[in-house]
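The values are calculated or read from the model by the stated rules, or taken from the named source; none is laboratory data. These numbers come from a predicted model, not from an experiment. A quick note on method: Cβ atoms are made from the backbone with ideal geometry, for glycine too, and the neighbour counts reach across all protein chains shown.
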Amino acid sequence: MKISRSDIFEALSFALFCIIILLIVVVMLPFMPFIWLAERRRMATFQKGYHAFLHQINGHMIFCYNSRTNSSGFVKEKILPLLPPGVHIVYLNGGVPESDYESVYISNVIHSLAGQGGFPYLLKVRDGQLYHHSVNTQVYSMIHKNKISDQHMSEILDYYKA
């Protein structure tokens, strides 16, 4: 069997690729513990700041809704005016939260809600703990009927009272 130039080139290319990968691993290996420690320190610092944030906003009531076109107009026009005066509003415009809160921490709050019922959310902070409740079903029920339901609104208002 005759070995062609392309077979030799292919074998050399693969060998060179393996050597480059091995060199990258050998060079990076000594730095991995430092990278791991730096990431742990960054996460610990973030968690400390996040817990301080929750204590700072202790007692806050928050209504969080997003920019979904089939709901944001209804929420803005019909639900927000009925909320108690002390409720803070967080509007998720695309992926960017618009509020008076520090964006890095309120983004973390919103990210933690993913997959737990859908927007809008009722949030409250008590004793440094975040509590949340999705009112997605209630809001979309009102949207489909195109009117405010006293039952659904009292459920929303009662959440903030408890």
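Can you spot a residue in segment 141-154 that is under 22 Å from the mean Cα position of the chain (by Cα), of a type outside the set (Ser, Thr, Tyr), assigned by TED's automatic domain parsing to the domain that holds Tyr65 and under 21 Å from Asn70 (Cα atoms)? If you could, list the steps in order and put the result at the bottom.
If we filter segment 141-154 for residues that are under 22 Å from the mean Cα position of the chain (by Cα), which is where we start, we get none.
Checking segment 141-154: not a single residue is under 22 Å from the mean Cα position of the chain (by Cα), of a type outside the set (Ser, Thr, Tyr), assigned by TED's automatic domain parsing to the domain that holds Tyr65 and under 21 Å from Asn70 (Cα atoms).
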Segment 54-80, residues that are in a helix (DSSP H, G or I) and farther than 15 Å from Tyr160 by Cα: Leu54, His55, Gln56, Ser72, Gly73, Phe74, Val75, Lys76, Glu77, Lys78
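Check whether at least one residue in segment 115-126 is loosely packed, with under 15 Cβ neighbours inside 10 Å and modelled with pLDDT of 90 or more, and report yes or no.
Kept after step one, since they are loosely packed, with under 15 Cβ neighbours inside 10 Å, are these residues of segment 115-126: 115-117, 126.
Filter once more, keeping what is modelled with pLDDT of 90 or more: 126.
Within segment 115-126 (the criterion being loosely packed, with under 15 Cβ neighbours inside 10 Å and modelled with pLDDT of 90 or more), the answer is yes, since at least one residue qualifies.
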Tally of residues being among the hydrophobic types (A, V, I, L, M, F, W, C) and modelled with pLDDT under 95 across segment 85-103: 2
Evaluation of Pro84 against (1) of a type outside the set (A, V, I, L, M); (2) closer than 19 Å to His132 by Cα; (3) in a helix (DSSP H, G or I); (4) touching a helix residue (DSSP H, G or I) at 6+ places or on another chain (Cβ under 7 Å) (one fails), failing number: (3)
Long-range neighbours under 8 Å by Cβ, at least six apart or interchain, first residue surrounded by 13 or more Cβ atoms within 10 Å (Cβ to Cβ) within segment 34-60, second among the hydroxyl-bearing types (Ser, Thr, Tyr) and not in a helix (DSSP H, G or I): Phe53/Tyr101; Ile57/Tyr101
